[in-house]
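Presented below is the structure to which this report refers.
The values are calculated or read from the model by the stated rules, or taken from the named source; none is laboratory data. Here the structure is a predicted model, which is why all the values come from computation and not from measurement. Methodologically, a virtual Cβ is constructed for each residue, glycine included, from the backbone with ideal geometry; neighbour enumeration extends over all protein chains shown. All accessible areas refer to the heavy atoms of the entire protein, side chains included, with ligands and DNA or RNA removed. Shrake-Rupley method; radii C 1.70, N 1.55, O 1.52, S 1.80 Å.
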Amino acid sequence: RNSMGLHSEASFASVWPDIVWFYCNKPSKKGGETTLCDGIQLWKILPAKLKLYFLKQPLKYSIEIQLPDIRKHKRKGKQDWITNTHGISGYVDFDENKVYLEVLRYAINKIENLDSYAFTNHLIADNYNEPQIKNISMASGEVIPDEYITLIREKSFEIIYEHSWEKNDLLMIDNKRFMHGRREFPKNCERDILTIQTEKSAFKG
């Protein structure tokens with residue numbers, strides 16, 4: 001029921017979906033709006049110094065994922081985690097039942113059919129909602145200045161859109177262009193939004 005900051009769904013994960021679908025089964029009577037921000041527009045209004053900063057190297061997400069109990073498989077120690085996605089490295093720790101990953105991914109994404117960049121990532125999300133994210137830095141390990149994060153949030157507020165839900169509403173979002181979030185809603189209000197991810201879109205431009 002808490003609020004969620006703007007983010008691109010699973011932008012820190014080894015699989016980053018192209019499309020996210022939202023279906024409203026039951027809207028909250030108060031609050032619970034979904035917030036949307038066009039990453040292309042956000043990129044356009046960011047100061048030049050921020051653009052240069054995020055163009056120079058990728059972000060590095062340090063990820064720790066708790067797995068179900070896999071000790072019944074009697075495997076021990078660590079095993080490299082291999083994916084088909086570039087910029088991903090890590091391992092499975094069978095003793096701890098955890099996966100540890102480092103994900104390198106730029107804060108901006110090229111929207112090819114529009115020949116534009118979109119600022120889409122998890123930098124301004126409220127990462128207490130994402131306990132698997134242990135740290136976000138630049139690929140070099142450089143700490144991202146707090147003033148940059150604050151400025152990005154302020155700029156996003158200038159162009160944010162709120163969608164107030166009605167029953168049976170359906171939203172389809174380009175997850176690599178738009179970031180989304182949520183307004184908080186009271187404990188005595190029920191809200192049921194179904195979310196589906198599509199890894200690869202097949203739309204033709």
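Only residues in region 114-142 that are over 20 Å from G181 (Cα atoms) count as the first member; pair them with residues that are assigned to a loop (DSSP other than H, G, I, E, B), Cβ under 8 angstrom, at least 6 apart or cross-chain, and list the lot.
S137/V143; S137/I144; M138/Q57; M138/P58; M138/I144; A139/Q57; A139/P58; S140/Q57
Among the numbered criteria (1) open to solvent by 80 Å² or more (accessible area, probe 1.4 Å); (2) touching a residue at least 24 places away in the same chain (Cβ under 8 Å); (3) over 19 Å from the mean Cα position of the chain (by Cα), which one does Q66 miss?
Condition not satisfied by Q66: (3).
So Y91 fits all but one of (1) more than 17 Å from F54 (Cα to Cα); (2) open to solvent by less than 50 Å² (accessible area, probe 1.4 Å); (3) modelled with pLDDT of 90 or more; (4) among the hydroxyl-bearing types (S, T, Y); what number is the exception?
Looking at each condition in turn, Y91 falls short on (2).
Which condition number in (1) under 16 Å from the mean Cα position of the chain (by Cα); (2) surrounded by 15 or more Cβ atoms within 10 Å (Cβ to Cβ) is the one that E199 fails?
With (1) under 16 Å from the mean Cα position of the chain (by Cα); (2) surrounded by 15 or more Cβ atoms within 10 Å (Cβ to Cβ) applied to E199, the lone miss is (2).
Can you say whether G141 is on the phi > 0 side of the Ramachandran plot and surrounded by fewer than 12 Cβ atoms within 10 Å (Cβ to Cβ), as far as the supplied structure shows?
yes
Could you say which residue among K60, K44, K49 is open to solvent by 20 Å² or more (accessible area, probe 1.4 Å), within 16 Å of K155 (Cα to Cα) and either touching a residue at least 60 places away in the same chain (Cβ under 8 Å) or touching a Ser or Thr at 6+ places or on another chain (Cβ under 9 Å) (or both)?
Details: K60 fails: within 16 Å of K155 (Cα to Cα); K49 fails: either touching a residue at least 60 places away in the same chain (Cβ under 8 Å) or touching a Ser or Thr at 6+ places or on another chain (Cβ under 9 Å) (or both).
Matching residue, one of K60, K44, K49: K44.
If you check P131 against the conditions, is it open to solvent by less than 60 Å² (accessible area, probe 1.4 Å) and either out of contact with any Asp or Glu (no Cβ under 6 Å at 6 or more places or on another chain) or small (G, A, S) (or both)?
Values: open to solvent by less than 60 Å² (accessible area, probe 1.4 Å): no; either out of contact with any Asp or Glu (no Cβ under 6 Å at 6 or more places or on another chain) or small (G, A, S) (or both): yes.
Considered against the rule, which asks whether it is open to solvent by less than 60 Å² (accessible area, probe 1.4 Å) and either out of contact with any Asp or Glu (no Cβ under 6 Å at 6 or more places or on another chain) or small (G, A, S) (or both), P131 comes out as no.
Please report, ordered by residue number, the strands (runs of 3 or more DSSP E) entirely within region 142-205 with at least 1 residues that are more than 19 Å from M4 (Cα to Cα) and either at pLDDT 95 or above or touching a Pro at 6+ places or on another chain (Cβ under 9 Å) (or both).
Working: elements: 161-163, 170-174, 178-182, 192-198.
Because the criterion is at least 1 residues that are more than 19 Å from M4 (Cα to Cα) and either at pLDDT 95 or above or touching a Pro at 6+ places or on another chain (Cβ under 9 Å) (or both), the strands (runs of 3 or more DSSP E) in region 142-205 that meet it are 170-174, 192-198.
Any residue in region 13-24 that is of a type in the set (F, W, Y), out of contact with any strand residue (DSSP E or B) (no Cβ under 6 Å at 6 or more places or on another chain) and buried (at least 17 other Cβ atoms within 10 Å of the Cβ)?
Checked region 13-24: at least one residue is of a type in the set (F, W, Y), out of contact with any strand residue (DSSP E or B) (no Cβ under 6 Å at 6 or more places or on another chain) and buried (at least 17 other Cβ atoms within 10 Å of the Cβ).
Which ones in region 25-41 are open to solvent by less than 20 Å² (accessible area, probe 1.4 Å) and within 15 Å of N109 (Cα to Cα)?
C37, G39, I40
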